[in-house]
Every structure is written in structure tokens, then in C-alpha cells.
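Inspection log for the structure reproduced underneath, given as C-alpha cells.
The values are calculated or read from the model by the stated rules, or taken from the named source; none is laboratory data. Bear in mind the structure is a predicted one, so any value in this text is a computation, not a measurement. Backbone-built Cβ (ideal geometry, glycine too); neighbour counts: all protein chains shown.
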Amino acid sequence: MKWVVLVGSVRKGSYNAALAGALADLAPEGVELEILPSIAQMPIYDGDIEAEGFPAPVTASGEKVSGADAIVIVTPEYNYSVPGGLKNALDWLSRLKPQPLKGKPTLLMSASPSTMGGARAQYHLRQVLVALDAAVMNVPEVMVAQANTKITDGVLTDQGTKDFVKKQLAAFHTFAGRAAAG
């Protein structure tokens, strides 16, 4: 089973990039993960640009999402919501035909130094994904609170968090497998 990972942060030292980087070691056997190129490579969505042709980073990411069995979105929370760069990437992907997220098993994760762990971003992201008809797994949820105490030098070090993420990935493997079976 092949999963792609979309990271909603472009910051060096991002807790979410660190969480995304830990997934390969925590995923069930037989799952291949690929982290998609940075969302910073996509220009701000503009219908005039789209009319001239989709930018290469958009089509490349869209092809990878389309070719994957599932997608994992790992995102921080900015101002109680989804980071603008992630929303922009999803806006671009939503314009591709066929729509790469339609029916795609989708998993959400977030990490934040706050005590809420990015919960509000995930809830807003769920609203956006409804419009894309993504098949979002509801539970278990992973919201890594106080990520600054669980990620050290870009590495997820907290064993309890690793164990919980591993459980979520196992549940998602089952969820995505059911979707693939039709």
C-alpha cells in the first residue's frame, strides 16, 4: 500500500515535518510512505495562472496523490485554523481533473506547542475536505500537544506519542484497505 504525506508547514525545524518524518518507522508493515514536495513550491492560486496551464508542482503533486492508495495530511494550526499555504495547495489540487482527493482515504495529524495540539486546524481542514469529497478517517485522532517537549532536534522522541501515532496508522491501514477493496 502506498501513502503520500502532505505537510502543511514550510518552516525549518517544523514540528509537523518532524512528525511526518517519523511516520515511515511507525507505519504498518507493507506501507510505503512518500512525503510530497513542499507546498511552498506552489504559487498562490490564481484562475489566470490556471487558464494558462497548471504549474508543474501542482500537477506533480496531483499525480502523486492520484497514484497513492491514501494520503496523510500533517499540519500545524495558524490563528485557530489551517495554514494559508496548505489551504492554497488544496485549492490547487481541487482544480485538477480528475479530482485527486475525491474518495481518497485521508488521515489528519497535527502537532503544536499549544495544549490543543492543532485541534482547531484539523476541524477546519475537515470542512475543506468535505468540498473535495475526501474520505477522512474520523477516529482515532492524533493531535500532538506541547510538541516542543516531544520533538527534539527534528525527531519525534516521546514514546507515548509514537505509540499513539502507531495505533492511528494501524487503524488507518484498515480504513484505507476497506476503501481499496470497494
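Restricting the search to region 104-133, which residues are closer than 24 Å to Ala68 by Cα and among the polar types (S, T, N, Q)?
Scanning region 104-133 gives Thr106, Ser110, Gln122, Gln127.
Looking at the structure I just gave you, is Leu108 under 23 Å from Gly62 (Cα atoms), free of Cβ contacts under 8 Å to residues at least 40 places away in the same chain, touching a helix residue (DSSP H, G or I) at 6+ places or on another chain (Cβ under 9 Å) and crowded, with 19+ Cβ neighbours inside 10 Å?
Yes; evaluated as a whole, the condition is true for this residue.
Scan region 146-182 for residues that are buried (at least 18 other Cβ atoms within 10 Å of the Cβ) and either assigned to a loop (DSSP other than H, G, I, E, B) or among the β-branched types (Val, Ile, Thr) (or both) and report the count.
Summing the residues that are buried (at least 18 other Cβ atoms within 10 Å of the Cβ) and either assigned to a loop (DSSP other than H, G, I, E, B) or among the β-branched types (Val, Ile, Thr) (or both) in region 146-182 gives 4.
Got a number for residues in region 3-21 being assigned to a helix (DSSP H, G or I) and buried (at least 20 other Cβ atoms within 10 Å of the Cβ)?
Of the residues in that region, 6 qualify.
It is to be established whether one or more residues within region 37-52 are within 30 Å of Thr157 (Cβ to Cβ), under 16 Å from the mean Cα position of the chain (by Cα) and not in a helix (DSSP H, G or I).
Checked against the condition, which is being within 30 Å of Thr157 (Cβ to Cβ), under 16 Å from the mean Cα position of the chain (by Cα) and not in a helix (DSSP H, G or I), region 37-52 yields at least one hit.
Quick check, is Leu101 part of a loop (DSSP other than H, G, I, E, B), surrounded by 22 or more Cβ atoms within 10 Å (Cβ to Cβ) and at pLDDT 95 or above?
For Leu101, the condition - part of a loop (DSSP other than H, G, I, E, B), surrounded by 22 or more Cβ atoms within 10 Å (Cβ to Cβ) and at pLDDT 95 or above - is met.
Among the acidic types (Asp, Glu) and out of contact with any strand residue (DSSP E or B) (no Cβ under 8 Å at 6 or more places or on another chain): which single residue out of Asp46, Asp69 fits that description?
Answer to the check: Asp46.
Looking at (1) more than 13 Å from Ala70 (Cα to Cα); (2) of a type outside the set (Gly, Ala, Ser); (3) without any contact (Cβ under 8 Å) to a residue 40 or more places away in the chain; (4) buried (at least 22 other Cβ atoms within 10 Å of the Cβ), find the lone condition where Val139 falls short.
(4)
For region 14-53, give me each residue that is closer than 17 Å to Thr75 by Cβ and hydrophobic (A, V, I, L, M, F, W, C).
Those that are closer than 17 Å to Thr75 by Cβ and hydrophobic (A, V, I, L, M, F, W, C): Ala17, Ala18, Leu19, Ala20, Ala22, Leu23, Leu33, Ile35, Leu36, Ile39, Ala40, Met42.
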